[in-house]
Amino acid sequence: MRRPIFFLIALGACAPTERQAPDLDLSRLPQGSSDALAEDGEAQVWFTDPGTERGEEIDPVLDDALIALIDASTTTLDLALYDFDRSNIADAVLRAWDRGVDVRMVSDADEADASGHAALEAAGIPVTDRRAGDHIMHNKFVVVDGQAVWTGSTNLTETGILQNDNDAVLLPDRDLAAWYTAEFEQMAAGRFGRSKLAGSGPLTLDLAGSEVVTHLSPQHDPLQAVVELIDSADHSVRFLVFSFTHADVIAALVAAHDRGVDVVGIFDESQAASGYSADEALAAAGIPVYIDGNHNQVGFAGGKLHHKTLIIDGGVDGSDPVVATGSFNWSQSATHDNDENLVEIHDVALTRVYGARFCDLLARADLHPDATAPQDDPCSSLPRVFINELYPDPPGMDRGQEFVEIVNGGTGAVDLSGWTLGDAQVADRHVFDDLVLAPGEAVVIFDSGKHPEVPGARVASSGALDLGNRGDSIRLVNAAGEVADALSYRGAPLGRSLNRQSDLSQSSAFVPHDTVLNAWTRSSPGKRADGLPFDPSTPLDYQLVINEVMADPSGEDTGQEYFELVNLGPDPADLRGVGLSDLVSERHRFGRVVLPPGAALVVYDRGDHSDVPGAMQSSTGTLGLNNSGDTLVLVDADGLLLDSVSWGSARAGVAFNRAIDGDPDSALVLHDAVVSGVVASPGLQANGQPW
């Protein structure tokens, strides 16, 4: 274990030892939601994906990317973190410290009891806190080897990464890193808030052809930058904001709306409940504002729209499209007292990525009760045609198997005539001709061959895709020559496609197909990752059967009661919204779960049952199955009956099972009457074989 030098502990503000850092290796970072490789010097973006309810959250790529960045550090690692309890990130920081990287952290004393904060201090890493009660050190930035800056809205906490909606952006630039390091040095020396030296003004630089401007609180008054960006809008303003109370920003948004700019915003529900929030004033001015629908929370923790994002003229080429993000909420304290950062990135492709994020969140939000509904869909101006899946490295011969799946995730049909799909070597591997893609439709471009089994299959006009197994850059360009979507990947898994981690979400990163939620195949050309059709009107052939019930476990009932559900049909069954009730109340409601054909799942009342195939816990934490007799009813999201079972007196330790295993017309009988000597088979057929 690395032993800290005593005077570095005592003088936490001391700068790390000067060492020449080799070029930072960013090649192992997982692909973000933006269109470029980080080693090409362009910004990369990652988002969290908490869903809307408990149990729907997807563990995002975001923290994996930060861990890969920390693992790539060789000389210095400076952390300015408001709150820190995500254990896998803390472990990465400790690994860096143990291999000799000079690690320092500045934080806030109000959050000093967080486990990550405590772990770094216990290891002897120099930590400097802004004192408790003195406003807050609210930054969330990391500087690595003096070469790259990681920032955004994400607190590195379990809640911030799994339950809140957040973003993170990586900016690989030495000048930017030096500027953030200078800010870090002030705080590491004990200068926080208004005690910091003014220094130079906001930094403006060129990042791979995109202008980047960064601002700090309170030296630069970032709120004025937000106002000026709103004032610059020609076409549209979109915002996602956690805390928004400042009158100057309200006035700027109202003025933009009055001059004909399309202004739409989404507020966090908990913050909008405050009497100081700007939502009511904007609604009264006729601006469509929405309340976010994230309810993935426990008590007050989690379930927050935590972004601090402003999108100006998103996706509009020829204007000045810009995204502003960071730790900076739009409040008086944030701009005049807290330690904060705001970064604005002038880039049309990045505004499309953030615009897609906005549309994803708008789809689950509710119009503010005081607001007037917009005349047009706020997302209709952003054509949402994007790459959802690609297959660079099929097993065996690639020829005839490689494909790129493109979907229309918007609300209107899009004419793809004249659009091109290409890579870094050839811009027009495929040229679209006379194709109108309806909302919810997909087209799948194969390199060659016939694929009648794949909905929307076509063959590349050039007769080749040549997707690189070791990495490639793919671009979808519209007829006007604008990049509609693009991605880069660094190595493809053999025999598995790459798919959006949150299927059909343009703001989601690409991951191996079999790691996508509810995916049960290694690729799904022309269909959703879970095997369901893109078109929800397509009828599906599935049959859900309550096949087994444990009403009276041996010993204590708690944690042992269960019911087994089987899909007997040939198609996957989307269980979202399906509910199970007894004669008293609802006992379980499914979230984002797809049950493949011929598969089973087992819902326990509570507890860890990872040894049981397809096991999960009930949404209510209790099933309440009566030993003396009961009835269970399974209904779909619209309340229509799917299946029901009843039983009489139970025998301790013996489950009930369909008399003919998996037969919906069979009555429930004691399990050992189905297979002699076998009292239960959760997740398996009655004979113990897999479904």
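Numbers for the structure displayed
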quantity	calculated
Residue list for region 404-424, filter: in a loop (DSSP other than H, G, I, E, B) and either modelled with pLDDT under 90 or charged (D, E, K, R) (or both)	GLY409, GLY410, THR411, GLY412, ALA413, ALA424
Helices (runs of 4 or more DSSP H) enclosed by region 210-283 - at least 2 residues per element that are under 26 Å from the mean Cα position of the chain (by Cα)	269-272
Strands (runs of 3 or more DSSP E) completely within region 472-540 that count 2 or more residues being crowded, with 20+ Cβ neighbours inside 10 Å, modelled with pLDDT of 90 or more and among the hydrophobic types (A, V, I, L, M, F, W, C)	472-477, 510-512
Of all residues in region 31-48 being in a loop (DSSP other than H, G, I, E, B) and either modelled with pLDDT of 85 or more or not assigned by TED's automatic domain parsing to the domain that holds ASP64 (or both), the one that is nearest to the chain's Cα centre (by Cα)	THR48
Residues of region 161-178 satisfying the condition of being closer than 14 Å to LEU66 by Cα and either among the acidic types (Asp, Glu) or part of a helix (DSSP H, G or I) (or both)	ILE161, ASP167
Matching option when the condition is surrounded by fewer than 20 Cβ atoms within 10 Å (Cβ to Cβ), at positive phi, assigned to a loop (DSSP other than H, G, I, E, B) and touching a helix residue (DSSP H, G or I) at 6+ places or on another chain (Cβ under 7 Å), among GLY124, GLY100	GLY124
Within region 621-655, tally of residues that are of a type outside the set (Ser, Thr, Tyr), within 15 Å of PHE563 (Cβ to Cβ), touching a residue at least 40 places away in the same chain (Cβ under 8 Å) and out of contact with any His (no Cβ under 7 Å at 6 or more places or on another chain)	15
Residue ID - farthest from LEU640 (Cα to Cα), chosen from residues in region 579-595 that are more than 24 Å from the chain's Cα centre (by Cα) and part of a loop (DSSP other than H, G, I, E, B)	VAL584
Residue in region 116-126 that is over 18 Å from ALA148 (Cα atoms) and of a type in the set (Val, Ile, Thr) present	yes
Region 447-499: number of residues that are free of Cβ contacts under 8 Å to residues at least 60 places away in the same chain and among the hydrophobic types (A, V, I, L, M, F, W, C)	4
Yes/no for VAL603 being surrounded by 22 or more Cβ atoms within 10 Å (Cβ to Cβ), among the β-branched types (Val, Ile, Thr), touching a His at 6+ places or on another chain (Cβ under 6 Å) and closer than 27 Å to GLU53 by Cα	yes
Yes/no for ASP360 being buried (at least 17 other Cβ atoms within 10 Å of the Cβ) and touching a Ser or Thr at 6+ places or on another chain (Cβ under 6 Å)	yes
Within region 49-82, tally of residues that are hydrophobic (A, V, I, L, M, F, W, C) and either in a helix (DSSP H, G or I) or surrounded by fewer than 22 Cβ atoms within 10 Å (Cβ to Cβ) (or both)	9
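The values are calculated or read from the model by the stated rules, or taken from the named source; none is laboratory data. It should be emphasised that the depicted structure is a prediction, and the values quoted were computed from it without experimental measurement. Note that we place each Cβ from the backbone using ideal geometry, even for glycine, and neighbour counts take in every protein chain shown.
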